[in-house]
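Undergrad: Below you will find the structure I want to go over with you.
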Amino acid sequence: MVRPLGFLVGLGFITALVFAILTTPLSNEENVAHKFHEEPRHLALSSDGLMPHWDKQQLQRGMQVYKEVCSACHSLHLVAFRDIEALGYSEGQVKTFAKGFQVPSINPDTGEPATRDGLPSDYFPSPYPNETAARAANNNALPPDLSLITKAREGGKDYVYSLLTGFQNPPANLPAELKPGTGLHFNPYFANLNLAMAPPLTKGQVTFADGSPNDVKSMAADVTAFLVWTAEPKLVKRVQVGWASVLFLAMFSVLAFLSYRNIWADKKH
């Protein structure tokens, strides 16, 4: 009798706990903010779907946007310069690109901190020497590293694209407590609607050698595609290997079944 009673008490406790969690309302401020928050818009890329491929021209444009705009505040500390050879660059082009960056070093004569031209083996450097300097330059906000940003944020590439193109003036009916303060900018795709990053892209900000469109949406799509690649550079290869494995297993299954039928064909049940 004790065990069934204990089970019922435990079940009742769990039910009450789940009910409390599901019915507890958010704070008033969170409820109000949710009304102005928007879900990320979908960005279609060639790397989507069951048969993905990299649009190398778009990835090169995206890397240019990162270098000319985003690298002023954001690092890519998990990406080496030599990795961009996979985007269609030659070894010489990679060396030239790496040389355009200054990376931290040590003066061999004095032992003092110094900088030098980047090498293909170096990683994309941070624009700031440390976190304190980064916060001081950004209204106490720490610019995140972008290496894995499309994997680290809910919504992935759609969120990144929507955030880059979502800056706008606050709605007239936005409550005073939710209006952006000094140094903040309204963006309905950001969790609390206001973020320290100013709109990073403006029309015509980057000029592409192939004459591709350089409006805000096009540049945002290009740099987002590039960040999808930095987060998972082996994505296309992984999917190709996956399909090859499925095909192999399917053929093996058919051969195994035919072998089974052949071996047991003359056996009586």
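Undergrad: Return the FRET efficiency for the residue pair F252, L148: r is the Cβ-Cβ distance, R0 is 35 Å, and the value is rounded to the nearest 0.05.
TA: Details: r = 36 Å, r/R0 = 1.02.
The pair F252/L148 has a calculated efficiency of 0.45.
Undergrad: I want the local charge near F167. Using Cβ-Cβ distances under 15 Å, sum +1 for each Lys or Arg and -1 for each Asp or Glu among the other residues.
TA: +2
Undergrad: I've got another one for you. Give the order of D83, D266 when sorted by the count of other beta carbons within 10 angstrom, beginning with the fewest.
TA: Result, fewest neighbours first: D266, D83.
Undergrad: Mind sorting W54, W229 by how few other Cβ atoms lie within 10 Å of their own Cβ, fewest first?
TA: Fewest-to-most Cβ neighbours within 10 Å comes out as W54, W229.
Undergrad: A further question on this structure: Provide the three semi-axes, in whole Å and in decreasing order, of the ellipsoid equivalent to the chain as defined by the square roots of 5 times the Cα gyration tensor eigenvalues. Can you show the working numbers first?
TA: On the way: eigenvalues 348, 266, 91 Å².
Those come to 42, 36, 21 Å.
Undergrad: Then there is this: Explain nothing, just the number: relative contact order of the chain, from Cα pairs under 8 Å at least 6 residues apart, as a whole percent.
TA: It comes to 23 percent, rounded to a whole number.
Bear in mind these aren't lab numbers, they're just calculated from the coordinates by the rules spelled out. These numbers come from a predicted model, not from an experiment. Don't worry about glycine lacking a Cβ; one is built from the backbone with ideal geometry, like all the others, and counts go over all protein chains shown.
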